[in-house]
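Chemist: One structure, pasted below without further comment.
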Amino acid sequence: MKLFTSEDKLSRVVTDNYHLLPVINRFGIRLGFGDATIGEICAERDIHVPFFLVIINAFHHPDYFPKSEFLKFSPRLIVDYLRHTHQYYLSWVVPKMEKQLENLVESSQTNTEDLRLIILFFRKYKSELLYHIKDEEDSVFPYVLRITAAYEDGVPLSEEDWGKSIETYEKEHSDVDEKMTDLKNLVIKFLKADYNDNLCNDFLITLFRFERDLIDHSRIEDKILVPMITRIENILKNDQ
Ligand SMILES: [Fe+2]
Ligand SMILES: [Fe+2]
């Protein structure tokens with residue numbers, strides 16, 4: 001497995017795997033980086049190089065997930081990255097999926113049961129996903145940042161926060177992940193209506209890409225953020 005290093009040109013990262021483009025954008029990096037290396041670009045924008053490298057390498061190699069490396073970073077870096085990812089889902093991916101499904105439905109002359117079922121399923125999936133993201137943005141992440149401020153800066157925790165635990169706070173991801181697989185299968189296995197093949201393929205490709213991005217996102221939350229905060233909770237409780 002060849003990992004990207006700070007000496008690699010960022011243009012090479014993109015040509016090796018263009019799926020990394022939105023991941024790179026989450027750090028505020030946009031195209032037009034010439035021949036600059038990852039190290040140079042990160043230094044220019046004040047981006048934490050080891051964190052950037054772990055994120056792009058973990059996304060690029062699904063089998064590469066250096067838990068101990070990840071656990072060294074501040075939860076603030078992780079939350080910042082996760083929030084940018086949510087923003088990308090809300091402002092771009094979800095509306096795109098919705099528009100592509102709409103185009104697919106419009107391409108069909110017959111309003112058949114299978115199409116209606118896919119629309120219904122998509123709406124249900126979308127509302128669950130939005131609810132999940134809102135819960136993280138409004139409750140989980142602010143709690144993580146308060147715990148981090150208590151640990152890193154000695155900011156006192158409120159009575160209420162002392163009774164909380166990230167383990168119960170962060171909801172299961174399996175539901176959201178499984179529903180995406182079900183939606184894909186519904187389209188692949190059961191779509192029979194007359195429809196435009198290219199529009200359907202566009203929709204399906206967006207679902208596949210989103211599924212991959214979500215798996216990466218959820219594993220950072222479940223395997224890094226939760227254990228990281230559990231460890232800090234235990235340290236704070238022992239110091240009390
Ligand atoms: Fe999330
Ligand atoms: Fe999540």
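Chemist: Take the alpha carbon atoms of region 1-27, find their center, do the same for region 89-112, and report the distance between the two centers in whole angstrom.
Modeler: Cα centroid of region 1-27 versus Cα centroid of region 89-112: 30 Å apart.
Chemist: If SER139, SER158 are ordered by their accessible area, calculated over protein heavy atoms with a 1.4 Å probe, which sequence runs from highest to lowest? It would help to have the intermediate numbers written out before the result.
Modeler: Values: SER139 35, SER158 55 Å².
Output order, biggest surface exposure first: SER158, SER139.
Chemist: Enter the accessible area per residue of region 74-239 (Å², integer; probe 1.4 Å; all protein chains in place).
Modeler: 52
Chemist: What figure, in Å² to the nearest 10, do you get for the accessible area of THR15 with a 1.4 Å probe and non-protein molecules left out?
Modeler: Approximately 110 Å² for this residue.
Chemist: Roughly speaking, what is the stretch gain from SER68 to SER91, that is 0.36 nm per residue apart minus the C-alpha to C-alpha distance, in nm to one decimal?
Modeler: Full-extension gain reported as 5.1 nm.
Chemist: If a/c stays under 1.5 just call it rounded; otherwise compare a/b with b/c (prolate if a/b is bigger, oblate if not). Do that for region 10-64, with a ≥ b ≥ c from the square roots of the Cα gyration tensor eigenvalues.
Modeler: Taking the square roots of the gyration eigenvalues as a ≥ b ≥ c, region 10-64 is oblate.
Chemist: Cα-Cα over 23 Å: which of LYS134/LYS189; LYS9/LYS223; LYS126/LYS189; LYS2/LYS184?
Modeler: LYS134/LYS189; LYS9/LYS223; LYS2/LYS184
Chemist: State the volume of the convex hull built on the alpha-carbon positions of the chain, expressed per residue in Å³ and rounded to an integer.
Modeler: Value for the chain: 138 Å³ per residue.
Chemist: Also, quick follow-up: What helices in the chain pass both tests, a Cα length along the helix axis of 30 Å or more and a mean Kyte hydropathy of -1.0 or higher, using whole DSSP H runs? Please list the in-between numbers first.
Modeler: On the way: long enough: 113-135 (33 Å, -0.14); 197-220 (35 Å, -0.13).
For the chain, where a helix must reach 30 Å along its axis and average at least -1.0, the hits are 113-135, 197-220.
The values are calculated or read from the model by the stated rules, or taken from the named source; none is laboratory data. Since we're looking at a predicted model, the values are computed, not measured. To get the accessible areas, we keep the full protein, side chains included, count just its heavy atoms, and leave off ligands, DNA and RNA. Shrake-Rupley method; radii C 1.70, N 1.55, O 1.52, S 1.80 Å.
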